[in-house]
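Next up is a structure, given as structure tokens.
The values are calculated or read from the model by the stated rules, or taken from the named source; none is laboratory data. Predicted, not measured: the structure shown is a model, and the values here were computed from it. Neighbour counts are summed over all protein chains in view; Cβ atoms, including those assigned to glycine, are modelled from backbone coordinates with ideal geometry.
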């Protein structure tokens, strides 16, 4: 959970680099929480509107963009590559590949290599 809260505390930090573990642990917790909220929305069923999951999605939208931007910086790419989300399937797969790659060793144009804490 430390990774999740680290990303949330840096919710508007679009500079620097994000470790691969930081990104994927944030996404894992995000998916789990979103799934729980969808189930909760189905139980409550307020006029067919998923209130809890919609509120959660809006709350984590900016932190998600920030951590994706920093993750791309770790692979020495600019955040402009996030526009690949607009291209169905092929763009999504390319972005998934970029986000899964190892970061550049040492320093790159976006800063020093991020430290991984256990």
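Looking at 111, 106, can you tell me which residue is on the phi > 0 side of the Ramachandran plot, touching a residue at least 40 places away in the same chain (Cβ under 8 Å) and surrounded by fewer than 18 Cβ atoms within 10 Å (Cβ to Cβ)?
111
Does residue 52 qualify as being part of a helix (DSSP H, G or I) and modelled with pLDDT under 95?
The answer is yes for residue 52.
For the stretch 15-48, how many residues meet the condition of being in contact with a helix residue (DSSP H, G or I) (Cβ under 8 Å, 6 or more places away or on another chain), outside any helix (DSSP H, G or I) and loosely packed, with under 15 Cβ neighbours inside 10 Å?
So the answer is 1.
Just the residues that are assigned to a loop (DSSP other than H, G, I, E, B), in contact with a helix residue (DSSP H, G or I) (Cβ under 9 Å, 6 or more places away or on another chain) and within 21 Å of residue 7 (Cα to Cα), please, taken from the stretch 81-117.
Across the stretch 81-117, the qualifying residues are 101, 102, 103, 104, 110, 113, 114, 116, 117.
If you don't mind, another one. Given (1) surrounded by fewer than 12 Cβ atoms within 10 Å (Cβ to Cβ); (2) under 18 Å from the mean Cα position of the chain (by Cα), identify the lone condition not met by residue 71.
Condition not satisfied by residue 71: (1).
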